[in-house]
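Chemist: Submitted below is the structure of interest, expressed as structure tokens.
The values are calculated or read from the model by the stated rules, or taken from the named source; none is laboratory data. Not measured: the values here are computed from a predicted model. Backbone-built Cβ (ideal geometry, glycine too); neighbour counts: all protein chains shown.
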Amino acid sequence: MRISVPSMGNKGLEDMVGQHFGRVPTYTIWDSETEKVEIVSNTSEHMGGTGLPPELMHAHKVDIMLCSGLGQRAVQMFEQMGIMVYVGAMGTVKDTIEAWKRGELQEVTDETACQAHRH
């Protein structure tokens, strides 16, 4: 499985989780089978590029997104693309992946999507 976490830089598993899903500089992708780490720059329209973050994650064959929170529009896009989303990510990317493995992150629903952003 390819698991992605919005991140604040290029430190891989040691990087801090970015709190605003669409506006992070990078996404850290960890492959649970190979344990390889890939860092993907956020080239979405939120950062002056094209497309939306869920489309970027789909292009990188992500299966699961772990983030602190995200809006309903992003939730719907991820659902349409078959990417599962869990919220409650904090600390480092490694901390977040470990919390997900322990079942501590909540699978996102319309009710747990971030209402404040109105996406």
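Chemist: Pick out the one residue from MET16, MET65, MET1, MET77 that is at pLDDT 95 or above and touching an Asp or Glu at 6+ places or on another chain (Cβ under 8 Å). Steps first, answer last, please.
Modeler: Numbers: MET16 fails: touching an Asp or Glu at 6+ places or on another chain (Cβ under 8 Å); MET65 fails: touching an Asp or Glu at 6+ places or on another chain (Cβ under 8 Å); MET77 fails: at pLDDT 95 or above.
Within the list MET16, MET65, MET1, MET77, the selection yields MET1.
Chemist: Restricting the first residue to the stretch 46-66 and requiring it to be free of Cβ contacts under 8 Å to residues at least 24 places away in the same chain and more than 20 Å from TRP100 (Cβ to Cβ), which pairs with a second residue that is part of a loop (DSSP other than H, G, I, E, B) and hydrophobic (A, V, I, L, M, F, W, C) meet a Cβ separation below 9 Å and a spacing of at least six or different chains?
Modeler: none
Chemist: Of the residues VAL24, VAL108, VAL5, only one is crowded, with 21+ Cβ neighbours inside 10 Å, out of contact with any helix residue (DSSP H, G or I) (no Cβ under 8 Å at 6 or more places or on another chain) and touching a residue at least 12 places away in the same chain (Cβ under 8 Å); which?
Modeler: Details: VAL108 fails: out of contact with any helix residue (DSSP H, G or I) (no Cβ under 8 Å at 6 or more places or on another chain); VAL5 fails: out of contact with any helix residue (DSSP H, G or I) (no Cβ under 8 Å at 6 or more places or on another chain).
Just a single option satisfies the conditions, and that option is VAL24.
Chemist: Sticking with this structure for a sec: Anything in the stretch 61-101 that is over 17 Å from GLN19 (Cα atoms), part of a loop (DSSP other than H, G, I, E, B) and under 12 Å from the mean Cα position of the chain (by Cα)? List them, or say none.
Modeler: Residues satisfying the conditions are VAL62, ASP63, ILE83.
Chemist: Yes or no: GLU55 on the phi < 0 side of the Ramachandran plot, among the acidic types (Asp, Glu) and either assigned to a loop (DSSP other than H, G, I, E, B) or in contact with a Gly (Cβ under 9 Å, 6 or more places away or on another chain) (or both)? If you could, list the steps in order and put the result at the bottom.
Modeler: Numbers: on the phi < 0 side of the Ramachandran plot: yes; among the acidic types (Asp, Glu): yes; either assigned to a loop (DSSP other than H, G, I, E, B) or in contact with a Gly (Cβ under 9 Å, 6 or more places away or on another chain) (or both): no.
Criteria not met by GLU55.
Chemist: Could you please find all residues in the stretch 39-64 being more than 21 Å from VAL87 (Cα to Cα) and of a type in the set (D, E, K, R)?
Modeler: Selection gives GLU45 alone.
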